[in-house]
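Peer 1: Take this structure, written in structure tokens, and hold onto it; I'll ask about it next.
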Amino acid sequence: MRKWTRSYILAAIILAVPAISFAESIERASHTDVEMLLNAASGMNSAYWASLIGETRGRVYIEYETAIHAGSLFSKDMKRVVYWLPRSEITEKQLAQFKAYKDKYESRQ
């Protein structure tokens, strides 16, 4: 009987792990994240995308969605992460690219 109890507990843990990956979060972007986010914002890959949310006096916020994550084998839900970084860590050119991609895709809707 004890063996069955352990099996049920293990099965419950395995089923709960993908649900953890669906949690939305906010993360500080690194320099390499900015390049990845620009690539996603370009719209060249349908498995992930990014969009500029906006900027405040000191920070820039970018939303990122991906269909490729740990829980994607069990669900079609997208994983969403909001990245932020200090305004001083993104160049004018990069920010202009984010704005251009956002304008391009908003005008389609």
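The values are calculated or read from the model by the stated rules, or taken from the named source; none is laboratory data. Computed from a predicted model, the values in this text were never measured in an experiment. Here Cβ is always computed from backbone atoms with ideal geometry, including for glycine, and neighbour counts include all displayed protein chains.
Peer 1: Working only within the stretch 43-75, note down all residues that are at pLDDT 90 or above, loosely packed, with under 14 Cβ neighbours inside 10 Å and either touching a helix residue (DSSP H, G or I) at 6+ places or on another chain (Cβ under 7 Å) or β-branched (Val, Ile, Thr) (or both).
Peer 2: Thr56, Gly58
Peer 1: Across the stretch 87-105, what is the total count of residues that are in contact (Cβ under 8 Å) with a residue 60 or more places away in the chain, within 17 Å of Asn45 (Cβ to Cβ) and among the polar types (S, T, N, Q)?
Peer 2: Total satisfying the criteria: 0.
Peer 1: Right, another one. Is there a residue being farther than 21 Å from Glu106 by Cα, modelled with pLDDT under 90, part of a loop (DSSP other than H, G, I, E, B) and among the basic types (Lys, Arg) anywhere in the stretch 76-90?
Peer 2: Yes, the conditions are met somewhere in the stretch 76-90.
Peer 1: If you don't mind, another one. Specify the residue that is modelled with the lowest pLDDT; the eligible residues are those in the stretch 91-109 that are assigned to a helix (DSSP H, G or I) and loosely packed, with under 10 Cβ neighbours inside 10 Å.
Peer 2: Residue satisfying both the conditions and the ranking: Ser107.
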